[in-house]
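Student: Take a look at this one; I'll ask things after.
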Amino acid sequence: MQNTLLTLSDSLPLTCSRSGTCCHGNLVRLNPWELMRLARAKGMSPEAFRDQYTLNAGAVLHFNGSPNHTGKSSCGLYEPGKGCSVHPTRPLACRLFPLGRQIQNGLAQYMHEGPSFPCLKECPEVLQLPELTVQEYLVGQETALFEQAQDIYLEMMQNLADISFELLLDTGLAESGDTQVLASWRKSGTLDSTALVKKLPAEWLDVLMVPSSVEQSGELIRFAEAHQELLNRKITELSDSLTTFGSIREAAQWMMSLALFLAHAIGADARGLSEHWIEIAKSHGAKE
């Protein structure tokens, strides 16, 4: 089904009714900062929250609660008769619903897939509420800080991919005639986050999604900078331990899989990114 791009001035029935349509039968992805904030809201450690409320090492919320009248299961954070138990801390996907967001040419665009909003069918009371423009809806849902977090983790994803490029191109591995790395990148690009979890070392997934040694203050920039520093230290330790082309190859595969896993967590096009990065590597002499 084709996406319909929206302008910020478009007036649409976007008022949130709090009836829980968005809390049933949906896919809600989490970046590490959102996971940490949700854990704090529940009074839990990030690891405990991940284990109880998420799937795929923390990349998505678990919709395993009671079904509603349509038969769709609720998010585990939804309380029947009350609503979202962490509503002030809800992630960007919940704030934007039923809109999607994409970055194109450095600018954020908003879209909707399908001929009508699900709210109109499953929360008919919104028809009695005034329409909002897309801009008014975004302001009311307080999306700005959460969009900034997505953009920060988009950059972190690129940083992880860049490490994979360096391992392949700057160590002599590509010049040795290696073809396994790009084949691995292509394969990883076809996998969802469930399959990628099985490929990645648990230690690295923990560092990416539940960085417990990072101060859990909730302040975005401080958290993100400390998170990137932690990743940098782990990457330096890994690089210092690489002594053979075999170990370099494995690390280059891990780093790309980790970048693509984060792509899934922030809703980026993992397959498209892997193909794009493969072409860049080939243009610099890598072979497939």
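Student: Filtering segment 72-84 down to residues that are touching a Gly at 6+ places or on another chain (Cβ under 7 Å) and not in a loop (DSSP other than H, G, I, E, B), which residue is farthest from Arg95 (Cα to Cα)?
Tutor: Step by step, filter segment 72-84, then rank; the result is Ser73.
Student: For segment 212-288, list the helices (runs of 4 or more DSSP H) that sit wholly inside it and hold at least 2 residues that are under 18 Å from Ala195 (Cα atoms) and either in contact with a strand residue (DSSP E or B) (Cβ under 8 Å, 6 or more places away or on another chain) or not hydroxyl-bearing (Ser, Thr, Tyr) (or both); which are they?
Tutor: Of the helices (runs of 4 or more DSSP H) lying wholly inside segment 212-288, those with at least 2 residues that are under 18 Å from Ala195 (Cα atoms) and either in contact with a strand residue (DSSP E or B) (Cβ under 8 Å, 6 or more places away or on another chain) or not hydroxyl-bearing (Ser, Thr, Tyr) (or both) span 245-265, 270-283.
Student: Sticking with this structure for a sec: Just checking, which of Leu92, Leu96, Leu55 is at pLDDT 95 or above and closer than 16 Å to Phe146 by Cβ? Please lay out each step first, then the result.
Tutor: Details: Leu96 fails: at pLDDT 95 or above; Leu55 fails: closer than 16 Å to Phe146 by Cβ.
Unique residue meeting the criteria: Leu92.
Per-residue answers, yes or no, for (1) crowded, with 20+ Cβ neighbours inside 10 Å; (2) assigned to a helix (DSSP H, G or I); (3) of a type outside the set (Ser, Thr, Tyr):
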position	(1), (2), (3)
Leu27	no, no, yes
Glu34	yes, yes, yes
Arg40	no, yes, yes
Met44	no, no, yes
Glu47	no, yes, yes
Gln52	no, yes, yes
Phe63	yes, no, yes
Thr70	no, no, no
Pro88	no, yes, yes
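Student: Test Leu167 against the criterion of being out of contact with any Gly (no Cβ under 9 Å at 6 or more places or on another chain) and under 13 Å from Arg249 (Cβ atoms), and give yes or no. Even if it seems obvious, please write down each step before you answer.
Tutor: Numbers: out of contact with any Gly (no Cβ under 9 Å at 6 or more places or on another chain): yes; under 13 Å from Arg249 (Cβ atoms): yes.
The answer is yes for Leu167.
Student: If you don't mind, there's one more thing I want to ask. In this structure, does Leu208 turn out to be over 25 Å from Asn31 (Cβ atoms), buried (at least 17 other Cβ atoms within 10 Å of the Cβ) and of a type in the set (A, V, I, L, M)?
Tutor: no
Student: Next up: Yes or no: Ser241 hydroxyl-bearing (Ser, Thr, Tyr), assigned by TED's automatic domain parsing to the domain that holds Gly272, touching a residue at least 40 places away in the same chain (Cβ under 8 Å) and farther than 28 Å from Gln148 by Cβ?
Tutor: No.
Student: Do we have any residue at all in segment 242-258 that's in contact with a Lys or Arg (Cβ under 7 Å, 6 or more places away or on another chain) and crowded, with 16+ Cβ neighbours inside 10 Å?
Tutor: Yes, the conditions are met somewhere in segment 242-258.
Student: Tell me the residue from Ile248, Ile266 that is among the β-branched types (Val, Ile, Thr) and more than 16 Å from Thr179 (Cα to Cα), please.
Tutor: Ile266
The values are calculated or read from the model by the stated rules, or taken from the named source; none is laboratory data. Bear in mind the structure is a predicted one, so any value in this text is a computation, not a measurement. Glycine gets a Cβ as well: all are built from the backbone with ideal geometry, and neighbour counts include every protein chain shown.
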